Amino acid sequence: GGTPGRIPDLPILDLPSIRFTETPWCSPIKVKHGNANCRTPQGEYYKNVLGTRCYIRCQKGYDLHGPQQLICQSNKRWSGKVFCKQKRCPTLSMPPNGGFKCLDGAYFNSRCEYYCSPGYQLKGERTVMCMDNKIWSGRPASCVDTEPPRIQCPSVKEKTAEPNKLTARVFWESPEGRDTADGILTDVVLKGLPPGSHFSEGDHKIQYTVYDRAGNKGTCKFFIKVRVRRCGKLNAPENGYIKCSGDGDNYGATCEFSCIGGYELQGSPARVCQYNLGWSGPEPTCTPMNINVGVRTAAALLDQFYEKRRLLIISTPTAANFFYRLQLGMLQPAQCGLDLRHVTVIELVGFFPAQIGRIGLKLLPPALALQLRLLLRIPHYNFNMVVVDKHGMDKERYPFPATSAELFTLIDTFPLRKDEMKLQAEAGQSCT
């Protein structure tokens, strides 16, 4: 829009107002085989002003030595020194009966090619390369003869375990190998138990491996079979336990039987596995205890429970007593837990001579019920409950109703109870 040939007017600069703050401070960064990505504090033109941060990276095939970040400091020096060093793989080992040639030694991207001496064949990768992770690609080659040595194992062995044992001792001649190449074997390796060992029941794999000087191997294998004479497993009687020696049913094993509290053993307490693969003695059973309520004394009544059952004695002045009815209500759904803990409940109701005692469906004569109260010093005129252990010891008294959980927690602390719980856990007995 101006006159042709006329130079347009330029704006007049106010030179005093320009502030030269972008003065180079540190020397420029030069990283051989790498580069620096620098950021100035306020976007200045020069990349080496005070406060500049430079992030250093090396080219592929090189490792950074020094910090990844440098800062231009007030002393006009960078905060550290860095350089990029060419990556190098471990020196390759020379294969026996051969060698290798490399284009660039053991440095990154170098390729090495293996070769073998006349009469040997190459096994493995012919060419490997030094990778960026400083590991050679591929598996280093070796030069070997490919004919494996030969070895022959003995025939299959079968043995029967000795009486009352679960093992058999087995012997055999160790096989010798033969190499078809140079006739020299470097090693014979046995996998499995050596000759003369005791072998357990079942099949055992025995394997021999021989090696020649070139690394070839030859193998052979056979099986040792051990059989155990067995009578067949016995089961615990219902409401009882079984404990067997040995493996439980091998020739010579003994099984012992016992019953849970409140049951008595009928039949053989122990049976032995015989040579004819049959068990000695008749099969045992556990029958419920027959509680005799016709005894003359309370002590005689309690003796019947000694080491067999625990007692929970509930005493009440009347069958209409609130605590008594509440206690029975709490115990009714806990019958399984009581049985599991071998607890028999005895109820003492009323005053003499009208009082009665009850064990399940059996009634105690009034005189016997009175004796029981006197023997255990149980008050007649109010609710009371007594826990007696298997040794007849008075363990706890309750003047008020107790929950089944409270009773079970107490009983589970008794010494005999620990062994019972272990047996019940093994037998899978529980309340579901």
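The values are calculated or read from the model by the stated rules, or taken from the named source; none is laboratory data. Remember, it's a predicted structure, so these values are computed and weren't measured experimentally. Cβ: placed from backbone, ideal geometry, glycine included. Neighbour counts: every protein chain shown.
Inside segment 263-315, residues that are hydrophobic (A, V, I, L, M, F, W, C) and closer than 18 Å to residue 360 by Cβ make up a count of 13.
Per the listing 371, 429, the residue uniquely more than 20 Å from residue 342 (Cα to Cα) and either over 33 Å from the mean Cα position of the chain (by Cα) or not hydrophobic (A, V, I, L, M, F, W, C) (or both) is 371. In this structure, residue 221 does not satisfy being more than 30 Å from residue 145 (Cα to Cα), among the basic types (Lys, Arg), modelled with pLDDT of 90 or more and not in a loop (DSSP other than H, G, I, E, B).
Scan segment 374-405 for residues that are of a type in the set (A, V, I, L, M, F, W, C) and within 42 Å of the chain's Cα centre (by Cα) and jot them down. Result: 387, 388, 402, 405.
Scanning segment 96-115 for any residue that is exposed (fewer than 14 other Cβ atoms within 10 Å of the Cβ), within 27 Å of residue 212 (Cβ to Cβ) and touching an Asp or Glu at 6+ places or on another chain (Cβ under 9 Å) turns up nothing.
When you scan segment 262-279, how many residues do you find that are assigned to a loop (DSSP other than H, G, I, E, B) and under 16 Å from residue 163 (Cα atoms)? Residues flagged as assigned to a loop (DSSP other than H, G, I, E, B) and under 16 Å from residue 163 (Cα atoms) within segment 262-279 amount to 5.
So which strands (runs of 3 or more DSSP E) are wholly in segment 354-414 and hold at least 1 residues that are touching a residue at least 40 places away in the same chain (Cβ under 8 Å) and touching a strand residue (DSSP E or B) at 6+ places or on another chain (Cβ under 6 Å)?
356-359, 362-364, 384-388
Quick check: is even one residue across segment 269-276 touching a Leu at 6+ places or on another chain (Cβ under 8 Å) and surrounded by 15 or more Cβ atoms within 10 Å (Cβ to Cβ)?
yes
Tallying residues that are in contact (Cβ under 8 Å) with a residue 40 or more places away in the chain and part of a loop (DSSP other than H, G, I, E, B) within segment 245-261 yields 7.
Looking at residue 121, is it within 30 Å of residue 198 (Cβ to Cβ) and outside the structural domain of residue 173 (by TED's automatic domain parsing)? It is false that residue 121 is within 30 Å of residue 198 (Cβ to Cβ) and outside the structural domain of residue 173 (by TED's automatic domain parsing).
For segment 298-335, give me each residue that is small (Gly, Ala, Ser), in a helix (DSSP H, G or I) and loosely packed, with under 15 Cβ neighbours inside 10 Å. Scanning segment 298-335 gives 299, 300, 329.
Considering the conditions (1) closer than 30 Å to residue 273 by Cα; (2) out of contact with any Gly (no Cβ under 6 Å at 6 or more places or on another chain), residue 171 is excluded by exactly one of them, (2).
Within segment 65-94, the set of residues being touching a Leu at 6+ places or on another chain (Cβ under 9 Å) and touching a residue at least 40 places away in the same chain (Cβ under 8 Å) comprises 72, 73, 76, 78, 82, 83, 84. Taking the stated definitions as given, is residue 366 over 17 Å from residue 313 (Cβ atoms) and either modelled with pLDDT under 90 or surrounded by fewer than 17 Cβ atoms within 10 Å (Cβ to Cβ) (or both)? For residue 366, the condition - over 17 Å from residue 313 (Cβ atoms) and either modelled with pLDDT under 90 or surrounded by fewer than 17 Cβ atoms within 10 Å (Cβ to Cβ) (or both) - is not met.
Contact annotation: residue pairs with Cβ atoms under 7 Å, 6 or more positions apart or on different chains, pairing a residue in segment 275-293 that is under 20 Å from residue 263 (Cα atoms) with a partner that is of a type in the set (Phe, Trp, Tyr), are 284/257; 286/263; 287/263; 288/263; 289/263. Please determine whether any residue of segment 181-191 is at positive phi and of a type outside the set (S, T, N, Q). Yes, because at least one residue in segment 181-191 is at positive phi and of a type outside the set (S, T, N, Q). Scanning segment 145-165 for residues that are among the β-branched types (Val, Ile, Thr) and farther than 19 Å from residue 188 by Cα, we see that the one that is modelled with the lowest pLDDT is 156.
Inspection of segment 178-185 finds a residue satisfying the criterion of being touching a strand residue (DSSP E or B) at 6+ places or on another chain (Cβ under 6 Å), without any contact (Cβ under 8 Å) to a residue 40 or more places away in the chain and in a strand (DSSP E or B). Only residues that are over 54 Å from the mean Cα position of the chain (by Cα) and assigned to a strand (DSSP E or B) were counted across segment 339-353, and they come to 1.
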